[in-house]
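Written out below as structure tokens is the structure these notes cover.
The values are calculated or read from the model by the stated rules, or taken from the named source; none is laboratory data. Keep in mind the model is a prediction, meaning the values are calculated, not measured. Cβ coordinates were reconstructed from backbone atoms using ideal geometry, including for glycine residues, and neighbour counts include every protein chain displayed.
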Amino acid sequence: MILAILQARMSSTRLPGKVLMPLAGAPMIVRQIERVARARRIDRLVVATSLNPADDAIEKAVRREGIEVHRGPLDDVLARFLGALEEHGPADHVVRLTADCPLADPDVIDETIETHLETGADYTSNTPPHRTFPKGLDIEVMRADVLRRAGAEATTPEEREHVTWGIWNNPDRYRLAFHSQPADEGEVRWTVDRPDDYAFMATVYDALYRGNRNFTSDAVRRFVLGRPDLADYGGDRRV
């Protein structure tokens, strides 16, 4: 079984509450879940948020969509993932997603999972040392037993906060694989971490969602190419 865990919190440093900011009439996290749910290789999806009362709103929003929730320590994201794995498993593999990526691409998710399974890797991502996918299409896949091992051996704040830090920083101990694409879009920014990111994302959703709820990454590319004012919006490459 492949379990996807989507981490989310309200206390984002640069844009607090961003995961519930509206996109096409629904919270951003709900729009991302809609896209992730189209991935064929994911068997179950759970949102991992914190026990902080501010995150009650996240639990309410996603449960309303029929999505399961696990809550754990605010500052120990690795513990949250391990708790979600134990509560919503058993699983053979775990997919890590973050709730600031409302353009998550189900095809890229499936392709990365397929690379992981075909290579027999312990850990696979589409963010290798030379990234080729836009920031905001990130996905990590790992064996469930490897995640448990990383949790048992974690000793640093980085390992607890960044979940997979102890895995991809130890290529001598873990078998790593990476999924890339021919196009070099590593500098393209489709994540939401600042007000200008949100303004860009709201424009994309306002333009595309009503006509096709399942709009693709290529549709985003075509739209932005037709809007020169968006190509470098906020000082970052957007296409």
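So is Leu137 over 16 Å from the mean Cα position of the chain (by Cα), crowded, with 18+ Cβ neighbours inside 10 Å and either free of Cβ contacts under 8 Å to residues at least 60 places away in the same chain or within 16 Å of Thr98 (Cβ to Cβ) (or both) or not?
The answer is no for Leu137.
Please find, among Asp193, Asp218, Asp229, the residue that is part of a loop (DSSP other than H, G, I, E, B), of a type in the set (Asp, Glu), out of contact with any Ser or Thr (no Cβ under 6 Å at 6 or more places or on another chain) and free of Cβ contacts under 8 Å to residues at least 12 places away in the same chain.
Of Asp193, Asp218, Asp229, the one residue that is part of a loop (DSSP other than H, G, I, E, B), of a type in the set (Asp, Glu), out of contact with any Ser or Thr (no Cβ under 6 Å at 6 or more places or on another chain) and free of Cβ contacts under 8 Å to residues at least 12 places away in the same chain is Asp229.
Looking at Arg80, Arg38 in this structure, which one is within 19 Å of Asp107 (Cα to Cα) and of a type in the set (Lys, Arg)?
Of Arg80, Arg38, the one residue that is within 19 Å of Asp107 (Cα to Cα) and of a type in the set (Lys, Arg) is Arg38.
For Val19, which of the numbered conditions (1) assigned to a helix (DSSP H, G or I); (2) over 16 Å from the mean Cα position of the chain (by Cα); (3) under 19 Å from Tyr198 (Cβ atoms) fails to hold?
(2)
Within the range 83-113, count every residue that is more than 17 Å from the chain's Cα centre (by Cα) and in contact (Cβ under 8 Å) with a residue 60 or more places away in the chain.
Going through the range 83-113 one residue at a time, the tally reaches 5.
Would you check which residues across the range 201-215 are among the charged types (D, E, K, R) and assigned to a helix (DSSP H, G or I) and list them?
Asp206, the sole residue that qualifies.
Here are some conditions: (1) surrounded by fewer than 18 Cβ atoms within 10 Å (Cβ to Cβ); (2) in contact with a strand residue (DSSP E or B) (Cβ under 7 Å, 6 or more places away or on another chain); (3) aliphatic (A, V, I, L, M). Ala177 meets all but one. Which one does it not meet?
(1)
May I ask you to say which residue of Arg31, Arg71, Arg9, Arg96 is assigned to a helix (DSSP H, G or I), among the charged types (D, E, K, R) and surrounded by 15 or more Cβ atoms within 10 Å (Cβ to Cβ)?
The match here is Arg31.
One line per residue, one yes/no per condition, for (1) at pLDDT 95 or above; (2) out of contact with any Lys or Arg (no Cβ under 7 Å at 6 or more places or on another chain):
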| position | (1), (2) |
| --- | --- |
| Pro129 | no, yes |
| Thr132 | yes, yes |
| Val141 | yes, yes |
| Leu147 | yes, yes |
| Ala154 | no, no |
| Glu159 | no, yes |
| Thr164 | yes, no |
| Phe178 | yes, yes |
| Gln181 | yes, yes |
